[in-house]
1. Other chains near A:169-177: what is the mean number of their Cβ atoms within 10 Å of each residue's Cβ?
2. For the protein assembly as shown, what is the percent of antiparallel DSSP beta bridges, rounded to the nearest 5?
3. Express in whole angstrom the spacing between the alpha-carbon centres of segment B:5-62 and segment A:12-35.
4. Report the Cys residues of the protein assembly as shown lacking a disulfide-compatible partner, meaning no second Cys Cβ under 4.7 Å from their Cβ.
5. Can you flag which of A:LYS209/B:LYS27; A:LYS149/B:LYS27; A:LYS149/A:LYS195; A:LYS135/B:LYS34; A:LYS195/B:LYS27; A:LYS100/A:LYS145 are past 32 Å Cα-Cα?
Amino acid sequence: MPHDHHDHLSPSGHPYRPDDDHPLTYWQQMEIAIREILIEKGVTTAAEINAQIDTMDARSPANGATVIARAWTDPAFHAALLDDASAASASMGFDIGPLKLIAVENTQDVHNVIVCTLCSCYPRNLLGLPPDWYKSRAYRSRTVKEPRKVLAEFGVTLPDHVTVRVHDSTADMRYIVVPARPDGTDNWSADRLAKLVTRDSMIGTGLPKDPGTIAQPLPSG
Amino acid sequence: MSDRCYMRVATHMPPGHVRTPAYLRGKVGWVERKLGPFPNPEQLAYGLTAETARLMRVRFTMAEVWGPQAECPDDTIDAEIYAHWLEPTDPPHAT
């Protein structure tokens, strides 16, 4: 008798998502109006807009992980990435567009974390769309004031001798953290190392995965 | 470090699209690296012809930004600040 009561649950026991039966907001109407005018005037097409959305959706932290794993395994690329991260990423086929990218490296003595206090600047070309918390007022305001507490809430507790460097992405640069390569990964291939690199480890709110959690590759025969 | 180039961030609070965060205004940091030039976003945001502006990455200590409330005085905040917001200054006095 699933329909007798519990109106907020579906027959399979999941909560219903309420219908969004409310009028469009001012900005939603504005977006639709401008999009339709641009299409009507021949400035762009619906297909171009869809293609751009597909491009944005196709970006994921896997792109960044590929870059980091190469930096861990290729000393020349590592140096190039720290020198000019835009050019180094572009050389791997990850076009940064007009934005400039800076890579900051975690070491035994330094831990870097990225924030954008003014809005939500984020290295989308390498990491895809930012997580909601990255855009929250709490993350944006607290990370510059009490980064160690914020990091601890993400499960990253740093010893006192480690300096925390917060990077506030205020203007034209975007940032990516190069996490420290985990111990016990000697002789690992770049492909296998990339599996250790999480999105949060490239924002600085996380660390790479424990190498023990990644299955051994099958012996090649 | 005597070769550090120290800068003070301007304290004014103009309206409009400004990329200098309020919490850093009036604070002293040193130039971590020079960037740019970029078209000035304060003009670009309004569709004006933007002059090119030099951008600096300035590093501040938590002690400088938050004073005695700093969570850990030697931790740092780096931010990108346009040169027209910066004025060369002496290093902060050692405590």
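Nothing in this text is a laboratory measurement; each read-out follows from the coordinates by a stated rule. In this text, all values refer to a predicted model and were calculated from it rather than measured experimentally. Please note: Cβ atoms are built from the backbone with ideal geometry, for glycine as well, and neighbour counts cover all protein chains shown.
1. That average works out to 6.
2. Of all bridge pairs located within the protein assembly as shown, approximately 55 percent are antiparallel.
3. 38
4. Here A:CYS119, B:CYS5, B:CYS72 come out as lacking a disulfide-compatible partner, given the Cβ-Cβ threshold of under 4.7 Å.
5. Over 32 Å apart, Cα to Cα: A:LYS209/B:LYS27; A:LYS195/B:LYS27.
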